Amino acid sequence: MCGIVGYIGQQEATPILIEGLRSLEYRGYDSAGVAVFKDGLNLVKAKGRLANLEEKLVDNASTGLMGIGHTRWATHGEPSDVNSHPHMNESNTIALVHNGIIENYLSLKDELEFEGYTFLSETDTEVGLMLVDYYYNQVGNLLDAVIMATDRIEGSYALAVVCKDDPTQIIATRKDSPLIIGLGNGENFVASDIPAILKYTRDIYLLEDAEIAVVTKDGVTILNEKKEVINRDIFKVTWDIAAAEKGGYEHFMLKEIFEQPKVIKDTLIPRLPLNQDVIELDQIKLSKKELANINKIYIIACGTAFYSGFVGKYLIERISRIPVVAETASEFRYREPIIDKNTLLIVVSQSGETADTVAALRMGKKAGAHVIGVVNVVGSTIAREATEVLYTWAGPEIAVASTKAYSAQLCAMYLISTKIAMELGEITDEEFSEIKEELYSLPSKVESILQQADYIKSLANKYINMKNVFYIGRGMDFAVAMEGALKIKEIAYLHAEPYAAGELKHGPIALIEKGSLLVGLVAQEELFDKTVSNIKEVKSRGASILAIALEGNTEIEKVADDVIYVPSTHWMFTSVLENIPQQLFAYYIACGLGHDVDKPRNLAKSVTVE
Ligand code: M6R
């Protein structure tokens, strides 16, 4: 999410910053900016693609040998000139760029406003800048000011900060958001990702959490929070530029699969403040009274986003006892669904631009429904038109096949369903504590599944020649089965069908023969025996069985040819865990078959036509 570049040396900084930003544009592309030092700090920012900034720079030539730049993927505040980075203090002496999310920015903002600060933007980043400014005014030293400010920041950050009073240095620091230092000869670089500086150097310092780099043209000093010097080995980059853009991964899809622990953390944790029994859902203000009047919920979306909504349906109905219809937008918009002011319409979309989903939203609003948009792209049509928005903070998803955005959408469903149940008094404080604890543990559980990638690859190789794949499950497992089958169709071009396990014997079982593969999802513990009976029926007709089960449930080995285990969890959250192996399985089959995984045939990332 977002890209940072910094340069200090003997060349003109602006072209180097722009070039670096161009190679990072896939990380964020709704606005960009540079601050370059000559006699003072010259700031130029533009909403939209990088080309807009370049156009602006033609008339505002920013000369100078030191500067910082940023390409943004909005989280706090819509894409606009004023919300874009770098942010600069009132006296135009300090400029800062930031990747990540400052979770406690509202309370910090209150404090700074009390001290007399005013804010131009809606961003958390400007709060970070003003905090640096506040401490700088006290101590008169940028390094100390940055250390003092970051000590107050909760959340994630990668920061590059420059100051007019000392243009011989860039201060760079990070926590939970990547930042590297590139080492040149008489020049040095700062970047959020290697491709930004690969043209100039392959010698890199990888900054660790809470480390601070003082970058001058002649050297780089890495310090810890106590200002003790850290000796860091130089990391030599051996990849070519094309591969490095994918962070060393072969495809964006694989990179995005591996980003999921972070994405899940970013989407969940800021909404679940420590030591408080609350869920903070951004702008969603639906009151207790309004919720009590809601008599029906529709969750409407397309493709993968729809499958996340299907999970949401199971969750909300089970814990809040409100009827929920999950439906594809293309169907919903052309029938005559019953909608009134007591209807809650939840539309889910990664892009926020899918034509059918936008139409469903408009239809719901016209009929008086309260519309919540669960959206990944800030400032998109759905984000702008929904009554309220809950953002999934998955970052830009480049691969056409959705992976990390789906996991973030599932997290949004976990939050929304729990929030509704809490407001309606359907869950106790103890139940909420249990849920919260489990949500906190999901990123590390996903991480542990990703460590099985080689095993899943070996299974993909084993089953690569299958002709038909059936994905089955009951309850929420069925919802996840639908996503598994879609993924393998999209990128491996294999015929795959998801079925509610109990439905098989009503027809589709006739298709089962030797050479078929059945992927059985059995994470719903209370439905385990039922699904296993269905698996046995298929096995006895010649299919191979690959099961996805919870750790400890070794019973499944009696019937399955192969099992992928995922960590055991609260019943509400099995979907996000059991889907990870499905993503990897589809990915490795598609690679094995030699397909263009990131750009599958016939598909587009954003479906803005009907
Ligand atoms: O941008 P959206 O979430 O609204 O897109 C919906 C679908 O087009 C999308 O999920 C599609 O199914 C993906 N290719 C799935 O991988």
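List, in the order given, every pair from Lys288/Lys365; Lys199/Lys462; Lys226/Lys246 whose Cα-Cα distance in the structure shown is over 30 Å. Flagged as over cut-off: Lys199/Lys462; Lys226/Lys246. Kindly identify the chain as rounded, prolate or oblate by the Cα gyration tensor criterion: order the square roots of the eigenvalues as a ≥ b ≥ c, call it rounded if a/c is under 1.5, otherwise compare a/b with b/c, prolate if a/b is larger, else oblate. Prolate is the answer for the chain, as a/c is 1.5 or above and a/b outweighs b/c. Taking a ≥ b ≥ c as the square roots of the Cα gyration tensor eigenvalues, with a/c under 1.5 meaning rounded and otherwise prolate when a/b beats b/c, else oblate, which class fits the range 3-238? Because its axes are fairly even, with a/c under 1.5, the range 3-238 counts as rounded. For the chain, the longest principal axis of the Cα atoms and the long axis of helix 574-592 meet at an angle of about 80 degrees.
Highest mean packing comes first when the peptides 578-588, 524-534 are listed by Cβ atoms within 10 Å, giving 578-588, 524-534. As I understand it, the dipole of the chain uses +1 on the Cβ of Lys and Arg and -1 on the Cβ of Asp and Glu, about the Cα centre. Which of Ile279, Met466, Gly373 lies farthest toward its positive end? The residue sitting most towards the positive pole is Met466. Do the sum for the chain: with -39,500 (n - 2.57) for every DSSP H run of n ≥ 4, divided by all residues, what is the mean residue ellipticity at 222 nm, to the nearest 500 deg cm²/dmol? Result for the chain, helices only: -11500 deg cm²/dmol. Accessible surface of Asp561, taken over heavy atoms with a 1.4 Å probe and every protein chain present, rounds to 70 Å².
Is the shape of the range 101-210 best called rounded, prolate or oblate, per the rule: a/c under 1.5 gives rounded, else a/b larger than b/c gives prolate, else oblate, with a ≥ b ≥ c the square roots of the Cα gyration tensor eigenvalues? Verdict is prolate for the range 101-210. For the pair Glu438 and Lys199 in one chain, pulling the backbone fully straight at 0.36 nm per residue adds 81.7 nm over the alpha carbon distance. When each of the peptides 551-560, 430-439 is scored by the mean number of other C-beta atoms lying within 10 Å of its residues, the order from highest to lowest reads 430-439, 551-560. About its Cα centre, the dipole of the chain is roughly 1840 debye, where the only charges are +1 on Lys and Arg Cβ and -1 on Asp and Glu Cβ. By the rule of a C-alpha distance below 22 Å, with chain neighbours fewer than 8 residues away ignored, the lysines paired with Lys505 are Lys467, Lys514, Lys530, Lys536, Lys539, Lys558.
For the chain, the longest principal axis of the alpha carbon atoms and the long axis of helix 303-320 meet at an angle near 70°. With the highest mean first, a sort of the peptides 292-303, 470-481, 143-154 on other beta-carbon atoms found within 10 angstrom per residue produces 470-481, 292-303, 143-154.
Label zone (Lys467, point 7 Å along Cα-to-C-beta; backbone nitrogen cut-off 11 Å) within the range 533-550: none. Largest to smallest in accessible area, the residues Glu483, Glu228 fall in the order Glu228, Glu483 (1.4 Å probe, all protein chains included). Where does helix 105-114 land angle-wise versus the long Cα axis of the chain, in degrees 0 to 90, nearest 10? For 105-114 against the chain, the angle is about 40 degrees.
Summed over the residues of the chain and divided among them, the accessible surface reaches 39 Å² per residue at a probe radius of 1.4 Å. As a calculated quantity, the FRET efficiency between Glu431 and Glu388 at R0 = 30 Å, using C-beta atoms, amounts to about 0.75. Only protein heavy atoms count here; under a 1.4 Å probe, Lys539 has an accessible surface of about 80 Å².
The values are calculated or read from the model by the stated rules, or taken from the named source; none is laboratory data. Just so it is clear, the structure is predicted and the values come from calculations on it, not from any experiment. Ideal geometry is used to build each Cβ from the backbone, glycine not excepted, and the neighbour counts take in all protein chains shown. Note: areas computed on protein heavy atoms with side chains; ligands, DNA, RNA excluded. Shrake-Rupley method; radii C 1.70, N 1.55, O 1.52, S 1.80 Å.
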